[in-house]
Amino acid sequence: MATIPNNRLSLAMERTGQWVSSQEIPTDVRVEVGEANFSLHKFMLVAKSNYIRKLIVESNEADLTRIDLSDIPGGPEIFEKAAKFCYGVNFEITVHNVAALRCAAEYLQMTDKYCENNLAGRTEDFLAQVALTSLSGAIVVLKSCEDLLPLAEDLKIVQRCIDIISFKACNEAIFPSRSPPNWWTEELSIIDIEFLARIIASMKQRGAKAVTIASAIITYTERSLRELVRDQTGGGRSTFLSDSDDFSDVRLQQRELLQSIVTLLPSEKAAFPVNFLCCLLRCAIFLKASNSCKNELEKRISAILEHVTVDDLLVVSISYDGERLFDMDSVRKIISLFVEKEKGTAIFSGGSDFREANCSAATHRVAKTVDAYLGEIAAYPELGISKFNGIANLVPKGARKVDDDLYRAIDIYLKAHPNLDEIEREKVCSVMDPLKLSYEARLHASQNKRLPVNIVLHALYYDQLKLRSGVDEMDDALTTRNQLNTDVSLIRENEALRSELMKMKLYVSDIQKGGSAKASGSTRKPSGTFFSSMSKKLSKFNPFKNGSKDTSHIEEIVVDTTKPRRRRFSIS
C-alpha cells in the first residue's frame, strides 16, 4: 500500500472532524487507518458497512471504542470518503479514485446486498457509465489499480480496463480521433509494464499490426527509460549516467524493466527502426542485462543491418560520455550474424563459395558502413589490433568494391598508435587489398610513411603495371591481381636465377685457374647439364614467348668451357 504523506493525513482528519462535529452527537468509536485517527459514530458506520457491524458484534469488549482498519485499500483518504458516504455527505467520485472506492467498498462489505444503493453499487455505475467509456479514463483507472492488487484483480477491474484499452487502442490506430494520431501511446506510458504486456497481448488477439504495437513500445520505452535512451549519438554527458555508477536499486529496476520490454517486441523484423534497437542494446550492455536479452537485440539488429548507419553502431560501441569504447563484442556478433545469414542465402541460391560469389547489395552497403565505422573508432587508444582486424575481416573480401574507406581507417589507426613496430603495422594492413585502392588512395599510400614497406611497394608496382599496360583503369580486377601475382613469381625466379648465375661465374673462374685439360674434360658433362638447366630458366623470361615474334627456330647456344671468356651476366 502506498504511503500517505502526513500533510494529507492531517487534512483528512481535519475535514472528517468538521463534518462529524456538525452532527451534535458525541462520537463513540475511533477508527485507526495507519497513522490517521477518525472519531466517528458506530450507528452511522454500521448502517452501511457489514464488516464494521461484524467487528462490533463479535468483539469481546462490552463497548468497542477502537477499530483498526489499516489494511483498507486506498488508505486514509479513501476511508474518509467511505465514511462520508455512511454519513450521507456528498463527495466526488473520479477516474482517479473510483477503483480504490470500489475496493474499499468490497473490503468494508458496503454492498447492495447489505444495503440498497450502497457504495459498491455507486462505484460500479460510475465505472460502467463514465470511467470505462473512454480510452484515457480506462488507462487512469488501470494505473490506480497498481496499488490495489490483488483485490482489484479479483473484482475484475483490471481485466475490464485491459479489454477496453486494447479495443479502443486498436480503433485509434486505424481511425485516429485526435492529433497526433499516436496520442494514445503517450497515455499508455504511465502504466506498469505487466499491465502493458497484457494490453499488447490483447491487441495481438484483436489483430493489431506489428507497427501499431511497436509504436506503443517505443513511446513507453522512451518515457520509462528516458535518461538512458535520451541520447542516441553517444555524445551526451551526464554524471548520473556515468558507467562507473554502482548498481543501485534504481538500476536494478531499470534492468528488469528493459528485459521485460525486450520480451514484448513483436517478431516482425521491420517493426522497429534499427536506431531504436541499437539504443536498447546499449542500455542492455550498460545495465548488465541477461545474455538472452542482449542476444535477442543483436539478432534483431543483424536482420536489418543493411539499414544501419555509422552513428547507430557507435551508439552500441561508445560509452554515454563519449570518452571511451564501450563494447565491441556486440558489434562483432551483429556483423557475424548478418554475414552468416547472407552466406546461407547465397548457398541456398546455388552459390558454391560466398566469398567468390557476387555479394548482394545489402552486403555491399554493410561493408561500406563497417569500414566507415572502423574509421570512427580507430583513434581510440584502447582498440587493439586483434579487435580492429577481427571486425574488418568479418566482411567478405568480395563485398568491398574499393578499399578506400578501409585504407582511411587503417591510416587513422596507425596515426593513433605510433608505437607499433613493422610487424604490427603489417598485421594491421593485412586486412586491406592494395589492388582495390583508387588512384588517389594509391598515390597517398605511396607517400605514406606510416605504412609498412611492402604496402608502399604494392601501390607503386601496381601503378607501374598500369603504365606498362597503357590503360588508365583496368576493367577486370581479377586479371590485374593474377598479373601481379605472376610478376611477383617471376621476380622470385629472377632472384633464384641471379644466384645460379653467380655460382656459374665462380665455377668458370675455378676452371680458368685450374687450366688442366683433365679438369676441363671431367667437368664438361656437368657443365652441359648446368647450362641446359639455365636455358630452361631463361626461357621463362623470354619476352617474345607469347608475342608475335617467333623465336622457336633459334638453336640453343652451347658454351665451350675449354676457352672461357669473361662475360657480364645481368638480368634486366
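The values are calculated or read from the model by the stated rules, or taken from the named source; none is laboratory data. Quick caveat: nothing in here was measured; it's all calculated off a predicted structure. Methodologically, a virtual Cβ is constructed for each residue, glycine included, from the backbone with ideal geometry; neighbour enumeration extends over all protein chains shown. Only protein heavy atoms, including side chains, enter the accessible area calculation; ligands, DNA and RNA are left aside. Shrake-Rupley method; radii C 1.70, N 1.55, O 1.52, S 1.80 Å.
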Can you say whether Ser260 is at pLDDT 95 or above, polar (S, T, N, Q) and within 25 Å of the chain's Cα centre (by Cα), as far as the supplied structure shows? yes
Hey, does region 263-273 have a residue that's surrounded by 16 or more Cβ atoms within 10 Å (Cβ to Cβ), more than 15 Å from Thr221 (Cβ to Cβ) and within 13 Å of the chain's Cα centre (by Cα)? no
If Pro76 satisfies all but one of (1) touching a residue at least 60 places away in the same chain (Cβ under 8 Å); (2) under 17 Å from Arg122 (Cα atoms), what's the number of the condition it fails? (2)
Qualifying position, being in contact (Cβ under 8 Å) with a residue 24 or more places away in the chain, β-branched (Val, Ile, Thr) and more than 21 Å from Ala105 (Cβ to Cβ), among Ile174, Ile162: Ile162
Condition first: open to solvent by 10 Å² or more (accessible area, probe 1.4 Å) and in a helix (DSSP H, G or I). Now tell me which residues in region 303-321 satisfy that. Ala303, Glu306, His307, Val310, Asp311, Asp312, Leu314
Answer residue from region 89-100, given it is surrounded by fewer than 17 Cβ atoms within 10 Å (Cβ to Cβ) and in contact (Cβ under 8 Å) with a residue 12 or more places away in the chain and is nearest to Ser39 (Cα to Cα) among those: Val89
Return the total of residues in region 405-438 being surrounded by 16 or more Cβ atoms within 10 Å (Cβ to Cβ), assigned to a helix (DSSP H, G or I) and over 27 Å from the mean Cα position of the chain (by Cα). 8
Scanning region 177-209 residue by residue, the ones that are without any contact (Cβ under 8 Å) to a residue 12 or more places away in the chain and either in a loop (DSSP other than H, G, I, E, B) or among the small types (Gly, Ala, Ser) (or both) total 6
Only one of Cys86, Cys103, Cys115 is buried (at least 17 other Cβ atoms within 10 Å of the Cβ), of a type outside the set (Phe, Trp, Tyr) and in a loop (DSSP other than H, G, I, E, B); which? Cys115
Would you confirm whether or not region 146-161 contains a residue that is in contact with a Phe, Trp or Tyr (Cβ under 6 Å, 6 or more places away or on another chain) and not aromatic (Phe, Trp, Tyr)? no
Filter result (under 13 Å from Glu106 (Cβ atoms), open to solvent by 10 Å² or more (accessible area, probe 1.4 Å) and out of contact with any Asp or Glu (no Cβ under 9 Å at 6 or more places or on another chain)) within region 67-83: Asp71, Ile78
Looking only at region 46-61, filter to residues that are not charged (D, E, K, R) and not in a helix (DSSP H, G or I); which one of those is surrounded by the fewest Cβ atoms within 10 Å (Cβ to Cβ)? Asn60
